[in-house]
Amino acid sequence: MIYFDSTYLVRLYFEDAGYENVRHLAASDFVVCAQHGRAEVISAFHRKLRERTITIGLYEAALRQFAGEVAAGAFNWLPLSESILDRTELVYAKLPATTFLRTADALHLSTAAEHGFREIYSNDVKLLKAAAHFEIRGMDVIR
C-alpha cells in the first residue's frame, strides 16, 4: 500500500503537472489516504471550478467519477483516531517555530505514521519538509 495526500489524488482525475508519474505510481499498488483527504479532493475540484480552469460539466463529471471510485473501494480511507490526534499534538509541541505546517497536512502525516507507513507521497513542499518530524519520509515523483 502507498499513502497519497490529496495533491496526488487530484492528479488521478486531472492532468496537472506530473500527473503521468503519479498515475503510474498509483497503478503499482493500492492507494490509501486519511479520511479527511476525501473532502480535500472535492475542495480541490471546486477550486478548479472557482478559478475557471475547468467547466461546470467537467467539475460534475469529476465529482461523479470520484464518488463512483470511492463507492467501488478504489481507495482505502484511514479514519482519524485519538492516537492520530495525540501524535499531531506531540509533534506540534516540539515543532520548530520556523516550520510551517497546516493542520490538514499534519493529520496526513500523523495518519501515515500511526498506520506504519515509512513514506508519504505528495508534491506539497511544506508537507514534505515536515514529514521528518513524524519519522516518515516525504516522497515526490513529480519533481
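Any read-out appearing in this document is the output of simple, stated calculations on the displayed coordinates, not a laboratory observation. Bear in mind the structure is a predicted one, so any value in this text is a computation, not a measurement. Cβ atoms come from the backbone with ideal geometry, glycine included; neighbour counts cover every protein chain shown.
So which GluC sites (Glu not before Pro) in the stretch 1-50 are both in a DSSP loop and have at most 14 other Cβ atoms within 10 Å of their Cβ?
Taking the stretch 1-50 and a limit of 14 other Cβ atoms within 10 Å, the loop GluC sites (Glu not before Pro) found are GLU15.
Given contacts defined as C-alpha pairs under 8 Å and at least six residues apart, what's the relative contact order of the chain, whole-number percent?
30
Specify the inter-centroid distance of the stretch 1-59 and the stretch 117-133, based on alpha-carbon positions, in whole Å.
17
Given the convex hull over the Cα atoms of the chain, what projected area results after averaging over all orientations, in nm²?
8.6
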